[in-house]
Each structure stands twice: as structure tokens, then as C-alpha cells.
1. Where residues in the range A:78-93 are in contact with an Asp or Glu (Cβ under 9 Å, 6 or more places away or on another chain) and at the interface with chain B (Cβ under 7 Å from one of its Cβ atoms), which of them is least open to solvent (accessible area, probe 1.4 Å)?
2. How many residues, within the range A:266-299, are open to solvent by less than 30 Å² (accessible area, probe 1.4 Å), part of a strand (DSSP E or B), more than 16 Å from A:L318 (Cβ to Cβ) and more than 10 Å from every other protein chain (Cβ to nearest Cβ)?
3. Taking the range A:195-210 on its own, how many of its residues are open to solvent by 50 Å² or more (accessible area, probe 1.4 Å) and in contact with a Pro (Cβ under 8 Å, 6 or more places away or on another chain)?
4. Of the residues A:E146, A:E101, only one is open to solvent by 20 Å² or more (accessible area, probe 1.4 Å) and closer than 19 Å to B:K178 by Cα; which?
5. Just the residues that are surrounded by fewer than 17 Cβ atoms within 10 Å (Cβ to Cβ) and at pLDDT 75 or above, please, taken from the range B:13-27.
6. Quick check on the range A:198-205. Is at least one of its residues of a type in the set (A, V, I, L, M), within 12 Å of chain B (Cβ to nearest Cβ) and not in a helix (DSSP H, G or I)?
7. Being open to solvent by 30 Å² or more (accessible area, probe 1.4 Å), under 25 Å from A:H312 (Cβ atoms) and part of a strand (DSSP E or B) is the filter here, so list the residues in the range A:107-127 that pass it.
8. Return the residues of the range A:147-194 that are free of Cβ contacts under 8 Å to residues at least 40 places away in the same chain and assigned to a loop (DSSP other than H, G, I, E, B); say none if nothing qualifies.
Amino acid sequence: MISSLKFLTIHLKFITVPRIGVLLALLCISTESLAQENQDTELQADFAISQYPSDTAEAWLSKMAKAFKSLNYSISFVVLKPGVDSQPYLWRHAIDENGIEMEQLNLLNGPGREVVRIGNKVSYFEPNVPPYSLQSSTINGPFPSELFYQPEKLFDSYEFVLVGRSRVSGRSAQQIRVISNDKSRFGLNLWLDQESGLLLKMNMVNLEGQPLEQIQVAAIQVTEQPDPFFARIDLPMLPDILVMRGQQATTPRWKLNYLPLGMHVAKQDIHRLPMTGELVDYILLTDGLVDVSIYLQPMASAKASQDLIGRHESNTILTRQMGEVSVTLVGKIPAVTADAILKSIQLVQ
Amino acid sequence: MSQKFENLSALVDGENSQFDLQGNELITAIKNDKDLEQKWHSYHVIRYGLRKELPQQMQFDIAAKVMLALESEPAILAPKRNWRDLPVLGSVIPFVKQGGQMAIAASVAVAMIIGVQQFNQNEADQPFNSAAPILGIPGGLSPVSFEQTNTMPQNDMMEQRRRINAFIADHQQQMRLKSVELNITPSSVEQPAKNDFQPEILNDTP
């Protein structure tokens with residue numbers, strides 16, 4: 001009885017601890033009177049936030065999703081991945097007078113790579129490729145769009161834990177830990193801006209808690225008016241939307257007997273690889289946060305291959321010989337999970 | 001007693017406002033009090049549990065178990081007499097023994113140096129902040145590293161690498177196209193396919 005009570009008091013204390021930490025920090029840098037003032041405003045701010053229902057991780061995430069969809073913002077962030085130089089990006093988002101979402105993502109180093117989204121039209125401008133547009137409501141960027149826009153879709157497969165508050169990018173931030181319920185996928189640490197709910201930092205960590213990939217926001221600006229950049233976009237000049245070839249309904253030849261919790265087959269087809277022209281049976285798995293590709297080839301065309309495991313940035317690459325078939329998996333999941341998925345593949349008779 | 005635990009709990013949470021005054025006393029108390037020490041340990045475990053920071057394998061106090069095992073070890077009552085017990089040699093041999101000890105100490109030092117060097121090398125392989133600048137297009141394809149069990153002829157290796165790169169490029173492309181296909185509305189499906197879409201994306205996508 002005593003121990004369970006203790007448990008409760010500790011739990012309650014954790015909620016208040018980081019705030020007190022911030023206050024202590026403030027006390028250190030300010031004079032006595034200033035500190036008093038800060039304390040007052042801090043308490044008021046807390047009151048305002050607790051009026052907003054953000055005392056649960058779910059409420060924080062819906063605040064984030066709302067902020068990402070509805071605010072005019074400009075965010076500078078850096079992506080850090082193993083084995084690759086750091087990649088700085090500028091990300092701008094605005095709502096025009098007709099309520100249409102406009103978004104721009106710009107890679108700031110090198111020859112440049114720019115993506116512009118106006119409503120449901122996403123235009124890619126990249127070196128070595130003629131510009132093209134796709135019909136989509138999200139930009140395929142370095143961050144998991146589905147988490148930002150529809151976090152509620154992940155609630156069944158991931159657990160969201162409110163951890164505490166800290167200071168990130170010079171702002172006070174709420175930390176949220178994201179853990180897959182069946183411990184089969186990498187976890188995330190999110191730091192959300194206390195004021196706006198926008199992302200300040202995101203760490204992808206492996207099952208031991210070691211960082212794999214990091215997004216660090218350097219500067220964040222929320223404005224009343226859309227950024228003047230969006231007024232300069234000449235809509236008719238954007239490339240036409242590419243019309244996709246109608247998907248031939250092929251009967252799936254393969255069956256997966258194991259899938260991590262919340263993961264589903266998003267697509268199953270036969271296509272040619274862009275670089276080598278080889279024909280592959282393809283399965284795309286997704287759980288909203290990570291995408292996993294599985295390629296199946298007859299052994300003869302996959303000559304000279306053998307079982308191997310590799311890593312490209314934070315992607316796990318696993319190739320297995322299974323009877324007459326060579327199976328390759330690419331995706332940001334732990335090798336153990338990748339192996340379990342591959343081993344469960346079965347030919348449908 | 002409960003007041004003591006209360007203070008301890010506050011200290012663990014970092015809530016102890018008069019840390020300097022009470023905290024020091026409390027820490028001394030923890031050092032001397034088995035009960036408090038145990039509580040100090042379990043509060044931290046609870047804290048990690050609440051924050052979902054528990055390691056996959058819990059390593060509880062091994063030292064205590066080793067101590068227990070040592071205590072229950074049978075004592076050797078009557079050691080056999082050997083050359084060390086001879087009156088003359090008894091005073092000489094310790095030098096030899098010392099030499100042996102020094103040699104052992106030296107080898108430990110060598111092992112430590114090697115250990116430290118290896119450790120440092122591992123540090124340098126840390127994923128962040130240490131990536132050598134990649135020449136060419138930033139964010140472009142970086143070489144895939146393999147952990148292979150047996151050696152392969154050079155040609156096969158190139159072939160393998162080429163295939164893996166093709167898979168990675170295709171994976172990136174599929175991720176980009178996924179949102180398009182998931183968003184297909186009935187009206188867009190009805191549109192006739194005007195051209196076959198096979199974009200050649202040579203670099204990986206951001």
C-alpha cells in the first residue's frame with residue numbers, strides 16, 4: 001500500500017519537475033525581482049496550457065498536427081544521418097487567403113533540391129532530373145509526414161509517453177517518447193515547442209536507445225502572414241502532374257505470415273528496378289511511420305548473391321536466399337524484425 | 001522514517017530545494033543506512049520505468065551476489081607446506097613474486113593502452129558529428145557497407161553492390177510514390193493513362 005502511494009507521488013512529481021528546473025535556471029540568470037516576474041508569467045503560461053488539454057501525449061500530438069496544418073511557419077533544420085554529411089533544410093508552410101496549404105522544402109547545401117507543394121500538387125525540382133509534379137497532399141521529405149499530420153493513426157501500434165520538459169533550440173520544449181508496442185521497430189524522441197506545438201527536435205533511436213538519425217531545428221518562425229516567397233510562385237509555371245499508369249490488379253503471389261503490430265501491406269506489384277532494369281516482385285509495407293520494401297527475384301537473375309546484412313544510412317538491408325528465390329528487404333527497422341518478416345514469406349499456391 | 005523516505009524521494013526527483021543543506025546530510029544518511037540505500041536504488045528503477053528508459057536487460061547489483069558467494073565459500077584451514085615455508089627462501093622469494101606482480105601490472109597497462117586506443121577508434125566511428133564530408137552531391141548515395149562472412153570475387157562484389165544500390169534507389173522512389181497512390185481518388189483513377197511514368201531518380205531523395 002505504502003509503495004503504491006509512493007509510486008503515485010513520484011509520478012506526480014515528474015510532471016512538475018522539469019518546470020521547476022526551468023524556474024531554477026531562470027532564477028540563476030535573473031535578478032531576484034526579475035525571477036519573481038518570470039515565475040509569475042511562467043505560471044500564467046502554464047495555466048493557459050493546462051486550459052488547452054495538453055497534459056497527455058495524445059493531446060500534445062493533436063496540438064502538433066493542428067499547428068503543422070494551420071500555421072504560417074518557417075523552420076530551419078539539420079538532418080544528421082550516419083555516414084552522410086549533415087543536410088540543412090529550410091521548410092516553409094503557409095495558408096493562402098483561399099485556405100489552400102502551401103509548402104516549400106529546400107535543401108540548402110549543394111546544387112539544391114527543392115520541393116514545392118500547392119494544395120495537392122507537389123513539384124520536385126532536382127538536379128539531373130527534369131522537374132515533375134505528383135498529386136499528393138504531403139511532401140516526401142526527411143521527416144515522417146504521417147506522424148506530423150495524422151498522429152492518431154499511430155496510436156494503435158506505438159505508445160506515446162510524455163517524458164518531461166527541457167530547452168531545445170532556445171525554446172521550452174515538451175519531450176515525448178514514441179515506442180512501438182511490440183518493440184519491433186525503432187523508437188523516436190520528439191521535442192515539441194511548448195508554445196506552438198511545432199517540432200523542435202527528433203531523434204530516431206535503436207532498441208538500446210542509441211541515436212540513429214537526428215533532426216535538429218535551428219530556427220523557427222511563426223508569422224501572421226504567409227512568407228513573401230509564396231507570393232512569388234508562378235502557378236502556371238509549375239510542371240504538370242504526372243499521371244500514373246493505372247495499377248494492374250495482379251493477384252498477390254506472396255503472403256507474409258508475420259508483420260509487426262500496426263504494419264500493413266500498402267502495395268504489392270511487379271515492376272522494373274530503375275537502375276538495373278531487373279524485374280522484381282515487390283511488396284511495400286508501412287505502419288505510417290516507417291516504410292519497408294521487400295523485393296523478390298528468382299535465384300537465376302539474382303546471380304552471385306548470398307545472405308548478407310548491410311546498412312545504408314539508417315536503413316537496414318537484408319538479403320536472404322530462400323529456396324529458389326532471393327529476397328531483399330530495405331527499411332528503417334531493426335535487423336531482427338527484418339529477419340522475422342523475411343522468414344515468414346510464403347508463396348501463395 | 002517516512003519523512004526520511006519523503007526527503008529521499010524529493011532528492012531523487014531533483015525537487016529538494018535546499019539541496020545544499022539537507023541534501024548533503026541526506027546523502028551521508030544514504031551511505032550509512034541500508035534501507036535508504038535500497039530505496040534510493042528502487043526509486044531510480046521506478047523513475048526509469050515511468051520514463052520508459054529501462055534497459056532491455058536489467059542488471060541488478062552483481063557485487064552483492066559475489067560478496068554472498070565469497071562468504072559462503074569454504075575456508076582453507078590447513079594450507080600445505082611448500083618451499084615458501086622454508087626459513088631461508090621465505091625472505092628471498094617475495095622479490096621474485098614482486099617481479100611477477102610488476103609484470104602483471106605492466107601487462108595490464110599495455111592492455112589498457114590498447115583498450116583505450118580501440119575505444120577511441122570506436123568513438124570516431126560514432127554516427128554523428130564525425131561523418132567525413134562526402135565529395136559530390138550532398139545527400140547523394142553513400143556507399144553501402146556490408147558485413148560479409150566469406151570473401152567474394154571482386155566482380156561479384158561490384159555486382160552485389162550495384163543491385164543493392166538499385167534496391168535502395170527503388171525504395172526511395174516507392175516511398176515518394178506511395179503518398180500519390182494512397183491519395184488516388186475515384187476521379188483520378190478514371191483518367192486515362194497518358195504516359196508511362198518511369199522517373200529516373202539517380203540520387204536518393206531527401
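The values are calculated or read from the model by the stated rules, or taken from the named source; none is laboratory data. These numbers come from a predicted model, not from an experiment. Positions of Cβ are generated from backbone atoms using ideal geometry, with glycine treated the same way; all protein chains shown enter the neighbour counts. The area values use the complete protein model at the heavy-atom level, side chains included, leaving out ligands, DNA and RNA. Shrake-Rupley method; radii C 1.70, N 1.55, O 1.52, S 1.80 Å.
1. Per the criteria, the residue is A:V84.
2. Final tally of qualifying residues: 1.
3. 2
4. Answer to the selection: A:E146.
5. First, pick out the residues of the range B:13-27 that are surrounded by fewer than 17 Cβ atoms within 10 Å (Cβ to Cβ): B:14-15, B:17-25, B:27.
Hits for the range B:13-27 are B:E25, B:I27.
6. Yes, the range A:198-205 contains a residue that is of a type in the set (A, V, I, L, M), within 12 Å of chain B (Cβ to nearest Cβ) and not in a helix (DSSP H, G or I).
7. Answer for the range A:107-127, where residues must be open to solvent by 30 Å² or more (accessible area, probe 1.4 Å), under 25 Å from A:H312 (Cβ atoms) and part of a strand (DSSP E or B): A:E114, A:F125.
8. A:G170, A:K183, listed by residue number.
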